[in-house]
Every structure is written in structure tokens, then in C-alpha cells.
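Trainee: Have a look at this one.
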4 protein chains.
Amino acid sequence: MLYLRPEIKTMKQRKIRMGMVGGGPGAFIGNVHRMAAALDGQIELVCGAFSSDPSKSKEAGKDLFLDEDRVYANFELMILKEKELPLGVRMDFVSIVTPNHVHYSPAKLALENGFDVVCDKPLSFSLEEAESLAEIVEKTGRIFCLTHNYTGYPMVRQAKAMVAAGAIGKIRKVVVEYPQGWLSTLLESSGQKQAGWRTDPSKSGKAGCIGDIGTHAENLAEFITGLEIKELAADLSTFVAGRLLDDDGSVLLRFNNGAKGILFASQIAVGDENNIRIRIYGETGGLEWLQTEPNTLLVKHPDKANEIYRTGGGNLSKEAQNATRLPAGHPEGYLEAFANLYKEFALASRLRNEGKPFETTFPTVKDGVRGMKFIDAVVESSSGNAKWTSV
Amino acid sequence: MLYLRPEIKTMKQRKIRMGMVGGGPGAFIGNVHRMAAALDGQIELVCGAFSSDPSKSKEAGKDLFLDEDRVYANFELMILKEKELPLGVRMDFVSIVTPNHVHYSPAKLALENGFDVVCDKPLSFSLEEAESLAEIVEKTGRIFCLTHNYTGYPMVRQAKAMVAAGAIGKIRKVVVEYPQGWLSTLLESSGQKQAGWRTDPSKSGKAGCIGDIGTHAENLAEFITGLEIKELAADLSTFVAGRLLDDDGSVLLRFNNGAKGILFASQIAVGDENNIRIRIYGETGGLEWLQTEPNTLLVKHPDKANEIYRTGGGNLSKEAQNATRLPAGHPEGYLEAFANLYKEFALASRLRNEGKPFETTFPTVKDGVRGMKFIDAVVESSSGNAKWTSV
Amino acid sequence: MLYLRPEIKTMKQRKIRMGMVGGGPGAFIGNVHRMAAALDGQIELVCGAFSSDPSKSKEAGKDLFLDEDRVYANFELMILKEKELPLGVRMDFVSIVTPNHVHYSPAKLALENGFDVVCDKPLSFSLEEAESLAEIVEKTGRIFCLTHNYTGYPMVRQAKAMVAAGAIGKIRKVVVEYPQGWLSTLLESSGQKQAGWRTDPSKSGKAGCIGDIGTHAENLAEFITGLEIKELAADLSTFVAGRLLDDDGSVLLRFNNGAKGILFASQIAVGDENNIRIRIYGETGGLEWLQTEPNTLLVKHPDKANEIYRTGGGNLSKEAQNATRLPAGHPEGYLEAFANLYKEFALASRLRNEGKPFETTFPTVKDGVRGMKFIDAVVESSSGNAKWTSV
Amino acid sequence: MLYLRPEIKTMKQRKIRMGMVGGGPGAFIGNVHRMAAALDGQIELVCGAFSSDPSKSKEAGKDLFLDEDRVYANFELMILKEKELPLGVRMDFVSIVTPNHVHYSPAKLALENGFDVVCDKPLSFSLEEAESLAEIVEKTGRIFCLTHNYTGYPMVRQAKAMVAAGAIGKIRKVVVEYPQGWLSTLLESSGQKQAGWRTDPSKSGKAGCIGDIGTHAENLAEFITGLEIKELAADLSTFVAGRLLDDDGSVLLRFNNGAKGILFASQIAVGDENNIRIRIYGETGGLEWLQTEPNTLLVKHPDKANEIYRTGGGNLSKEAQNATRLPAGHPEGYLEAFANLYKEFALASRLRNEGKPFETTFPTVKDGVRGMKFIDAVVESSSGNAKWTSV
């Protein structure tokens, strides 16, 4: 019959096949990953273990139009069963969108069974897990993408390219901040799922705010500047009575090139949304980017007018252009930035599959280890009354 | 074999199946439609006639991982061949993303062969075609979605809902504008494809700028306010020597409730991107929205502080919330707005398929007829030295 | 006695001496003129006829620390009495800050008695008065400054200088607007003094909104571009029931170089303040300025990033620098712009007094005549259903 | 003769008389003080010792139209000679606009000879001087105004009033910053006067950036919040080779109510002007103000749309309204804010002169002592590798 198309194609002839761990009913980030993966027509969802509750997993699979027999009761089953399917039918990689404490096990199992991995951030529950994962990635040679999604914005790529090209000279000062207001009350006591696990030390890890969003700020600063935070002095707070983890942190930074910095993350910044902003000052120029207006990069000069670089502009670097889908004036947002990581991951997978060299333009397990070291250093510093602590 | 999944599912069990007309190599809007259709996991592309050049169509189909036998040499073939496939295998609807002069024929053929249609704007090459299409839609009872995509933004939905709820009182004045700068030189002489057909009267129709983007402005104003432009006085210009159609227009508006307005569209507004902006002043409040910062709606008051409504805010109408995928602070952009039309079209299709009532929250063929009437009135008025002309 | 300083000094040794007509208790613009005149230490207020009510005039004089015998019951007395005082004691010029219908008589009397004049806008109650004043200025050779204060902003000077230097090429399109919201209700019925005379045809003249603020928009457009509006098509409205003059107007413009334009003025734009904004598009660049953020000029380019010019920037023209008092980052506002006209008027007076050549960088009686012609043309056009009318 | 007006008036009948120390040719802040003092017609400059070079002092006096015998060779002469003149002829107060190391002596001499004082910030060269001045003010009972001019902005007053009224609840976090870019190169080596003394430890004191602008940030935070910084941890840097004082500082703050904070001041923030900004987050709301757009105060809410409060708005506190000269939409700037301190100082002087109670709504010597303590604490903390140091 005409319409019974052959199922098994080479990777060149088909979309890359994704299996998902987590992202069941009520999840926020799971749906983000699915939309991001779908956007460019390079990836299709073929299976999942969407919830620790098998019936919820089934429900999710149905809503996603998956075949019933590709919806699994848990990630172990998914990885082991899929592995038995022929290449071209089975999933090609696993996307992990669970809370922090359920990153390590599925990632490890997937890697060790030959699957590439996309994993939400922060990398893991603890630094120990992170370092173990890095070793497994190294050993297995799989591709590992950590979704520090803000790195996917075209103007973040532009900033990174400009710094690398010396457009602002040697960097002196970095100010990076991530104020949110949504946890300014004890939202976790209401049963709100997102608030619940993020403020629960048994799921989130040793840090709250500084782990959930502080690591985004840390990663963004290191991603754009190409520098590493050498040491830091942190002052964490828990402003909301009854909360078990920090909900605000202020951190002094010293970078490995001698630059200084400030990192500020807060979840009690009433009225702020996801206002991650970075300002970088070099010897000969400056850069400023704000996530809530993501298509603008302010480029600052000492002796002429500041300039407004815009996504899609003809004057942008190839790195920014590669991360852009639309002409200038068609705002690209959070999902497009997120999708850039999936698109680049897919490209790397295809190239690797063809035996060609590929670039990891996206954050990897190494960025994940940096993030976990950052969390450890911040918590240790703050416990020591903001003593300087190496990262 | 486990992996030979059954092909034929009910619409409840599967994605809705899209066939595309146009959108081959070098196209801009075709890819936009594909991304918009893919985003929410409700629609899958199953076939296409992507180019009037069959080899280019094949090439596009391959890049899109389509089965070879579902990539057609022209839209007639596609519609007639697909019609022969069983329901659940064949495409469910046709998406038309060609230049204006190739909207009518595929739309007509699709509708008359039982397919729903999504069509890019403006509706057609001429008002006559538009009125004919409206009749065919009426007669066939098919669902027709016209992608005036700016109506898909959450804050545009919020504005519409607020006007409808009387939040700004009776409307007095509407100022809507759409300045672009990309045609400030004779770009069409360079062979640039997008510029080429848009400035060619044999493809674009009797209007250039006012058809391409003026109709977006017209549609946005009528969509949000719920009013109709009753008459207008227009002054069109062609500033770039050698250009065959208008590249700038200024229009005075009078609405059917007595409100006055200004509509301004330009493609010679050097340095502007896609700066469609609308300001609406009522007896008791005002609204302002700008597409390049689409997640903000400024709500103005006579006697208290103006307010910044933001996509994802808890204070928004259900119409805005329905058009939103992410919490506040995760910028949604052009593609998400575009995808809202596809998502709503898919929902309407599913409900219709199940015999349930459905809403057309998206622009339809009727909006398309309004747009073509607007074009005709503007051109006629301008020819008469800005004489008042009924729409 | 040491402290009895000699009263009579040459103009080089002293401030220029101002007499004021109008600006008594409850006035808005009178105080603005006084602050603007005082700011640079070049002008001192020495006398006034502040109100048609002599007791109110006395009260104002006392608050202003004037000698009682220099506070007059009416402007005729002031001009004639002051004329009798010796040079260096008497006032050097008259500042007229009354409603429109009381501009002509004091201006005429002052000019004819040898005094320079600063006069608030619009120039007069009628075009006839305006043309008569222009003749008197011509005949008497006095200096006449019309306070179209928005021309005094540094970034407006920058825009004018850039246009003159060809920075944006031949101008194609001008969009100038002045939306206010303060008259969106029948405020004049409350006894509010500013609303009262502005909406009273016996005081304001034949136009309301279009005279009060439309002329500012007209003047700004002609000042920056160096062009003249050749003809226009206007649609005036009175939205507030019971109001005697227009409170909103939309105008299509055609300039003497072939450029097109839109002018929009409104006093029913709820929630808007004094949002006078101008956008100018030339063949090779664009400019955008908004009065509520007056220290920024957006400079637009076809092929590179738009630039943010800022008051005080080292990259600015000498015209902008001459109109600036402070380094970049010290916001200059409405009063500083206003004061620039007084400062330049004072400089012209000093130079003229020394027999040296001087420039009239400020608006003069000629601009006033243009404004009154604009009002006449708008009212005539609107009466003729937006027929094209020469200015 | 009519025109020989009696010289001696009571303070009720005349402007308050100012003598100035500093502010000669090439000065920046001296002219600012003169314009600020002149703006409201309450104060007149009657004498000065404008430069340590008597010929430059004379030149300045001539440009300012002063009587020659009221222009003095040094401040000692000015204070002692003026004291001998009768009340109503002599100056009423001294304005000190010299570099930091020449604040103490003229202030002390003026206070001890019965003159009120307006003094530029920071208060003095050292904390010892500051504390001595505070004692002298206490002992002499004179009025002392320290020109932390940013406190004069209407929207800063609004913020202070809202905090005091509990509008944002108990304060949790304060982020205050003051980035400038003008010293990103060794400008002081060029002979630029403003850069010269500010980077010279013998004139500026023990701090550079943190004294010059860090104290503004510190003062603004304490002024608005009504809190005191209890302890801080600071990391100062000197990025420009050859510079003798800090040009950048990052400071962690702890307030006396338990709130946390960040203070960031920099003079190497390339491309930034005078971007002093403050964000305050309380338990139930937030406030944000930025000096380069000073007429806007962003008021943030946890559960409804953020609001844009604007200078001149009818919804503002009386404190803001008292600091406002113009209706909404007429931007007030740096000079108006500065002038508010002079206006309030003048009002206090008049009331004191009449034996009435008066408020010190402006910063005083006490704020100056706080600033000097802040400088000392920052320098000490930074020397101790950002150890926590009490203020």
C-alpha cells in the first residue's frame, strides 16, 4: 500500500529521534524542551518516560500522539527497551527534564547504553555527580548538551563573538544579575509544583536560588567572556520565613584574567520577571544585554555614540547569524534561543554520525561541572561570612 | 514487527497533516509557516509542492525529510493525488505560502476538494479573487485561516479583550503604523527574491507597501478595536526611482463608530525594522503596543499611573493567557504569535472533525476580503489626490 | 556708603533687564519664562504687568521681590513708564506670556517703543495680527524671539545640524506628532485656568489643539528639516462634547522638496503627557526624537547599527554643544531648552547693542507667521473635508 | 532719583544673598551651583572668591556681573569682609564648590562667622574633618546643606515617601549602582582639570571613584530607604595603569534592618554616562529609578501590572509634588533636582530668619559624616580583602 512508508531510514533521510525523561502533566520545562526540539524540523519525539507515575506517563504520551508501546513507566525501561530497537526506529538521544535530583541516573544510564544526552540545568544534585558524569561522557564519547538556554540567544552569540574578536579589549568588569520575583512569598506552601521542588533540599541540592538561576548567570558570564571565575565572596539570604534554601544571593567575583565582577541572583525581587542581564566592560568598549528584550545588544564606546545591535542585522557576526531564523524586526524569543541548542545538538549528532568533525557551540557537561563548582563555592563562601573561596 | 507502527489513526490519535504550496529554497515565509505549524506538536508536514520548479520542490522535500512520493511538481497534482489517499494518511489541510498571485488557484482547488486552508496574506491578487474565495469558503464550509500573524501575539489578544470589555471606553482615535526600511533602495534590481515579487505588479497586485504591510496595519486596527474603517483618504508615494509600486503611504481613517485614525506604512523608513505599532485612545483609557517589544502592552489611564502589562502576567485576560505558552519573563516572539494561529486552526479542525462547535479566533477569509477592499480604497483615494473613499 | 552700588552700568557690565507682560498668580508659562530667563545669569526681571487685575499684579511683583514702583497695572503703563527711565535702569526687553489674544497689542507697543520682544507661541490670535507684527518687526528692526521652546533642546539642534550637513540625504518622509491627554474630559468646565482660555475661541483663536500644540509640531518639523510645508489635508475633531474648539487633528503633509509627511496632534490622547515626537527619513538615514526622553536622538542607518546620540556627547555638532550646559549623563530638560532661547536672545541683544553681527538661532516672528498660516490652512482644509490646502 | 532703589531690605522683601567659594574658570560644578541657585528666583549671587588665583577670581566675577569690590582674592577675605557689611547687603550664606580638600576650612570659617553653608559633596577630605564640621554646625546652629543632588529629583522624593508610607513593605534588598565611563583611560595625564583633582589623593582624599560617586550611591540608598548601612565588604580596583586612586568598586551591604544590598560604582564603565540607578525590593513591592531617565519611577507589584510613575503625575505624594515645577510631560533634569536643594535651603533660611520651625528636607552635615564613614569603611574593607567592616 502506497501509504505504508518504509520505517527505517538513515539519519540523513530522517529526523533525529528523541526520548524524554520527565515532562509529564504540570511540568513547565518539559514542554519547553519539546517545543524547542520540534521547532526546526530536525528532531521528533518518539518515546518517553514522562513521570514517575506510570499512569501520568501514559496520559502524557497520549497527548503527545505517541505510540502506546513507546511510553514507558520509568527511564530505566525506556533506555533498555529502546536500545533493543533497530537504529532508525529507536530513539537517538535522551532528553532529561526532571528536577535536579533525577538528572544523574538517567544521564548515566543513557550514556552508558550508547545514547547522546540533552539535560536540563543545573547538571546534577551535587558536584560529585557532576564530576562522575563528566567522566562518563569522556569515557563513552557521547555528545552531551546542557541547556543553559540563554546562551542560545543570537545577541548572546554576538556578544561572545565580539569579545573573542577583541571588540571591547581586555575585560575589566562584569556585572551579571538574575532577579526574579515569583518566590517573594512562601509559594511552595501552596502546592505549586515548580516552587515545590526548587525549594526542597532533597530535590534541588544544597542551593535554591543560586543553583536554579545563579548558575545561569555564572554560565552566561563565562560563556560570553571566555573567562573563568577564579574566586568569589558570597552573601546568601533566605528572606521568606519557612523557606529551606536561599532565595537571594550577592556575590563578588574575581576572574582569571584579573577582571572583577558582581553576580546577583534573587527570587524575592518583587515585580521582576526573568530579568537576567549582563554588562561587560573592557578597556575599549562595553556590552549590555537584557533577556526580557533579547533582540537588542547595546554596544558601548568610549568616544562615539553607543550602538544598538539587533537580531537579524546585517552587521552581525556569523555566530549570531547562525543562531537566527528570521530577518530583523521579527522578534525571536526564549523558545528560539532554546531551540538553537537543540538545533546545534542535532547538527553535531548528524556530523558525528557521518564521521565528520563537529563543534560543540552549546554548553556541555563541562559547563555543568563549572556550575556545580560555582554552587559549592558560593555556599561555602556564604557559610564563611563571604570569605573568598576558589571556584 | 514492533517498529512498523500502524499508519492510520483517527485525528484524535495523531497530529493534523499539512500539505504546503510554496516555501521552496530561498523562501522566507514558507519556513516561518513550517516552524509555526511544528511548534506545538499538533501538526505535521506530510507533503508539498514547494516550487514551480519540480527539481527545487524535490530538493525542498528532501531537506524536510518527506517521502519522495509526497513531494509534488505542482499544487494541482498535490491536491488531486492526496485526495485519493485514505483519511489519516492524506494531508488534512493545505498551507499556501506563495506570492499573492498564486493564492487564489490553490486555495480554490483545495477548498473545492475538501481541504481546509491556511493562507498567507494579503488574501489574493485582487478584490475579485478575494470575494470569490469568500464565496467558496461559504459554500464548501471549510475552515480558512489567513495568517495576519500579528493578531497572534498575546498582548494583541489582551488589547482586543480589554477593548471588548470596555476598559478604555468608546474609542476615539487609532494611530497604527508599520514603518520598515528594507526597501529604501532599489533592492529589487539586485535579484533579491523577497523584494522582487513584492514590487512586481504582476505578482503583488495593484499595491506594494500598502498591500504587503499596510494590510497588516489595517487588520490589526480592526482586529483589536472591533471597528471597521468606513472611509479613508490616502496619499501613496513611490520614493525609490524605478520602482513600480508604492513604497510609502499615509492614510487618514474614519471608523464606523465615529472614531478617527491615522495609518502609516512605509518601506523607505531607513533603519526601522518591522516597527508595527498601534495606539488606541478611548474615552477613559488608552493602549499602546509595539511589535518589536511584543510582550509589553502599555495601558494608559487619565488619572493614575500608566501600567505595563506583560505576557504571562497573572492579571491578563483568558484570551491572552490562551495565546501564551510560557510564564512571564520568557519572551515570546514572532514565531510563537504565528504558531498561535496554527494552533487555533488545528483546534478548530479537531473540534469540527468531532462535530463540536468551534471558534475562529484567528483571521479568516472575511478579514482577507476587508484587506483587499482596503487596498482598493487606498489606491483609488490616492489616485484621486486623497479623496475620501469608502472601504 | 560702600554698599550703595552704582545703579547704571553698560550692558556689558550687567544683566539684561526684562519686563514681563502676564504670568501672574495661577499662570503656568509665566513662571517657566522667568525660570528660563534666570537660569544662565544673563537676564534679570526688573518690572512687570503680571495681570489684568492690578492687585494680582502687585501680589506677583511682591513674590518676585520687585520694587513696588516697577510693578504696573497694565502693559501700556509699563512700556510707556519704563521708556522714560534711563538706559541701564529701564527694562531692555519685554517678555509676553499672556494668552494668544493678548500677544499682539503689547508686542506692537513694545516694538514701536524701542523694546525687543520675547513672545510665547502661537504668535497671535489671527494671521492678520501675525503679518502685521512681522511688518512692525521689519520696520523697527527689533529682535523678536518666539518661544517655540522645543527647538531649544540640544538634540533638536543636533538633528537640524545633521540634516543640514546631509547626514541622512534628501528627506522623504516626516512623521511628527504631539499627543496629550489632559483635555480628554471637559476640564474647562471645572474652572481650570489653562484649559479655560485654550478652549475659548475668543482667547485662543480659530483653533484649539492644532493652534496650541499642532503649531509646535509644525514648527519642529520645519525647524529641523529646513523644509516648508507646501500643502496639507487635515481632519480636525472635537471629541469632548461641549468643547468649542478642536481637540484632535490628523494632517497629511506635502513639503516643498517633494517629501511627504504626517502631523498628528491631540489633547484627548488619554495617558499621554507631552509626547511630541518627530521621525525623519531621508534617502540615506533617519532621525528620531521624543521630547519625554529629550537627551536621546536615535540616528538610523540602512546598513549598520542604529546609534544613540546623547546630549553632552563628544561626537555632537557645535550647534548641539552650544545648547548644552552639562556633561553627558546630567539630564537637561524642558527648562534648559527653554532657557536656550533666552540665552541666545540675550546674546543677540548684546551683540546688536555692541553693533556686532548676530545670528537668530531661535524662532522669530517669521516662524510665528508660518504657524498662523498653518493654523489657517488646517482649519480651512478640515472645513473642506480634508481638501488639499496651501500653507 | 527714582531708579536708585533702596538697597537694604528685609529677607522677606529680597532674594537671599549668596557668596561662592570656588567655581572659577574651567570649573564644572561651580556653574551648576550658580544655575541651581538662580533658577527659582530666591537667591542671588552677590560675591565670591572663585579661584585661588586672584586674577582668575576677578575674571569670573566680571563674567558674573558682580561688583568688583565683592570679588575676593580668597575665601578668608570674603568671609571676614562680608561679615562687616550690613545685613541685607552682605551675603547670607556661603556656597562651597571647591575640590574636597578645600571644603573644611571655608565651611568652618563661614559657620563660625555666622553664615549658613551649602557645600558640595563629599563633605570633606577626611572623616576627622567631617566630624569636626558636624560639631561646629551643632555648636553654631547654622543651616548646612550638602549637595547630594540626586536626592532632589521628584521621583527620588516619591520613592522615599512611598517607602516611608509602607508601600513596598519591609525592605529586603537594595541594589544601587553608579557606573561612569569617563575615566576608562588615564585622562588625568592630559591635564583635564576635573579628572586631575579627583584622582589626586592630596585633593580627593583616600578614595577616588568610591568617594566621588560611591558616596552618591550610598547616600541615595540611605536617603530613600531611611535605613543605615551597618556593615559592608568591599573590593576596590584601580584598572587604569598609573592611576593613584580606585576607579572601580563593588560592595556587599548589610543594612540595620536586616536587608542586604549591593553597591557598585565605577569610572571605567566604558560608554556609561552617569547611570546612577537604584532598585529596592520590599516584602510587598519594589521600586526602580535611573538617573538618566529621571522622571520615571517604576513601581513593582507582586500580583498586578508594574506601574510607571512620572514626575508631575497627579497620583504623586506631596513630597514629590513639592519638588516639581512643571506639569507632567515637561522633563525636569539634573539642574532642577539640584535647584530643589537650594530652594529648600532658601526656604529653611527664610523660616529660621523669621523664627519659625523648618524642615531639613535636604542632605545635611550628618549625611556628610555618613558618607565619610562609608569611604573609610570601604577602604578599610578592601584593604582587608573585602572583610566585613562596620560603617
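Trainee: Restricting to segment A:113-150, what's the tally of residues that are in contact (Cβ under 8 Å) with a residue 60 or more places away in the chain, among the small types (Gly, Ala, Ser), assigned to a helix (DSSP H, G or I) and open to solvent by 10 Å² or more (accessible area, probe 1.4 Å)?
Mentor: Within segment A:113-150, residues that are in contact (Cβ under 8 Å) with a residue 60 or more places away in the chain, among the small types (Gly, Ala, Ser), assigned to a helix (DSSP H, G or I) and open to solvent by 10 Å² or more (accessible area, probe 1.4 Å) number 1.
Trainee: C:PHE125 passes all but one of (1) under 14 Å from C:SER95 (Cα atoms); (2) hydrophobic (A, V, I, L, M, F, W, C); (3) within 18 Å of the chain's Cα centre (by Cα); which number fails?
Mentor: Status for C:PHE125: all satisfied but (1).
Trainee: Let me ask something else. What do you reckon, is C:ILE168 within 14 Å of chain B (Cβ to nearest Cβ) and either modelled with pLDDT under 95 or more than 22 Å from D:PRO327 (Cα to Cα) (or both)?
Mentor: So C:ILE168 passes the test.
Trainee: Right, here's the next one. Being within 10 Å of another protein chain (Cβ to nearest Cβ) and either of a type in the set (A, V, I, L, M, F, W, C) or open to solvent by less than 10 Å² (accessible area, probe 1.4 Å) (or both) is the filter here; which residues of segment D:258-278 pass it?
Mentor: Answer for segment D:258-278, where residues must be within 10 Å of another protein chain (Cβ to nearest Cβ) and either of a type in the set (A, V, I, L, M, F, W, C) or open to solvent by less than 10 Å² (accessible area, probe 1.4 Å) (or both): D:ALA259, D:GLY261, D:ILE262, D:LEU263, D:PHE264, D:SER266, D:ILE268, D:ALA269, D:VAL270, D:ASN274, D:ILE276.
Trainee: Go through segment A:277-297 and give me each residue that's closer than 17 Å to A:ALA165 by Cβ and not acidic (Asp, Glu).
Mentor: A:ILE280, A:TYR281, A:GLY282, A:THR284, A:GLY285, A:GLY286, A:LEU287, A:TRP289, A:LEU297
Trainee: Quick check: is even one residue across segment D:302-313 more than 9 Å from every other protein chain (Cβ to nearest Cβ), open to solvent by less than 30 Å² (accessible area, probe 1.4 Å) and either farther than 29 Å from D:LEU232 by Cα or touching a residue at least 24 places away in the same chain (Cβ under 8 Å) (or both)?
Mentor: yes
Trainee: Just give me the residues in segment C:317-337 being in a helix (DSSP H, G or I) and crowded, with 24+ Cβ neighbours inside 10 Å, in sequence order.
Mentor: C:ALA320, C:TYR334, C:LEU335, C:GLU336, C:ALA337
Trainee: Could you grab me the full set of residues in segment A:81-106 that are open to solvent by less than 50 Å² (accessible area, probe 1.4 Å) and more than 20 Å from A:PHE28 (Cβ to Cβ)?
Mentor: A:GLU82, A:LEU85, A:PRO86, A:GLY88, A:VAL89, A:MET91, A:ASP92, A:PHE93, A:TYR104, listed by residue number.
Trainee: Inside segment A:345-391, can you point out the residues that are touching a helix residue (DSSP H, G or I) at 6+ places or on another chain (Cβ under 8 Å), farther than 27 Å from A:ASN322 by Cα and among the acidic types (Asp, Glu)?
Mentor: A:ASP376
Trainee: With the requirement that a residue be open to solvent by less than 10 Å² (accessible area, probe 1.4 Å) and in contact with an Asp or Glu (Cβ under 9 Å, 6 or more places away or on another chain), what does segment D:14-23 give you?
Mentor: Across segment D:14-23, the qualifying residues are D:ILE16, D:MET18, D:GLY19, D:GLY22.
Trainee: Exactly one of these conditions fails for D:GLU293: (1) acidic (Asp, Glu); (2) under 28 Å from C:ASN31 (Cβ atoms); (3) assigned to a strand (DSSP E or B). Give me its number.
Mentor: (3) is the only condition that D:GLU293 fails.
Trainee: Which numbered condition trips up D:GLY226, out of (1) within 12 Å of chain A (Cβ to nearest Cβ); (2) at pLDDT 95 or above?
Mentor: (1)
Trainee: Another question, then. How about segment D:201-231: which of its residues are within 18 Å of D:THR361 (Cα to Cα) and acidic (Asp, Glu)?
Mentor: D:GLU218, D:GLU222, D:GLU228
Trainee: Assuming A:ASN31 fulfils every condition listed in (1) at pLDDT 95 or above; (2) within 14 Å of chain B (Cβ to nearest Cβ); (3) closer than 19 Å to A:GLY114 by Cα apart from one, which condition is it?
Mentor: In the conditions (1) at pLDDT 95 or above; (2) within 14 Å of chain B (Cβ to nearest Cβ); (3) closer than 19 Å to A:GLY114 by Cα, A:ASN31 misses (3) alone.
Trainee: Just for segment D:38-73: of the residues that are surrounded by 19 or more Cβ atoms within 10 Å (Cβ to Cβ) and in a helix (DSSP H, G or I), which one is nearest to the chain's Cα centre (by Cα)?
Mentor: D:ALA38
Trainee: Turning to a different aspect of this structure: Being more than 7 Å from chain B (Cβ to nearest Cβ) and open to solvent by less than 10 Å² (accessible area, probe 1.4 Å) is the filter; apply it to segment C:283-294 and report the residue that is farthest from D:GLN291 (Cα to Cα).
Mentor: Result: C:LEU287.
Trainee: What about B:GLU76, is it part of a helix (DSSP H, G or I), closer than 21 Å to B:LYS12 by Cα and either in contact (Cβ under 8 Å) with a residue 12 or more places away in the chain or open to solvent by 10 Å² or more (accessible area, probe 1.4 Å) (or both)?
Mentor: no
Trainee: For segment B:347-383, name all the residues that are within 14 Å of chain A (Cβ to nearest Cβ) and either surrounded by 24 or more Cβ atoms within 10 Å (Cβ to Cβ) or not aliphatic (A, V, I, L, M) (or both).
Mentor: Matches in segment B:347-383: B:ARG350 only.
The values are calculated or read from the model by the stated rules, or taken from the named source; none is laboratory data. No experiment lies behind these values; they were computed from the predicted model shown. So basically every Cβ, Gly included, is an ideal-geometry build from the backbone, and we count neighbours across all protein chains shown. Accessible surface areas use protein heavy atoms only, side chains included; no ligands, DNA or RNA. Shrake-Rupley method; radii C 1.70, N 1.55, O 1.52, S 1.80 Å.
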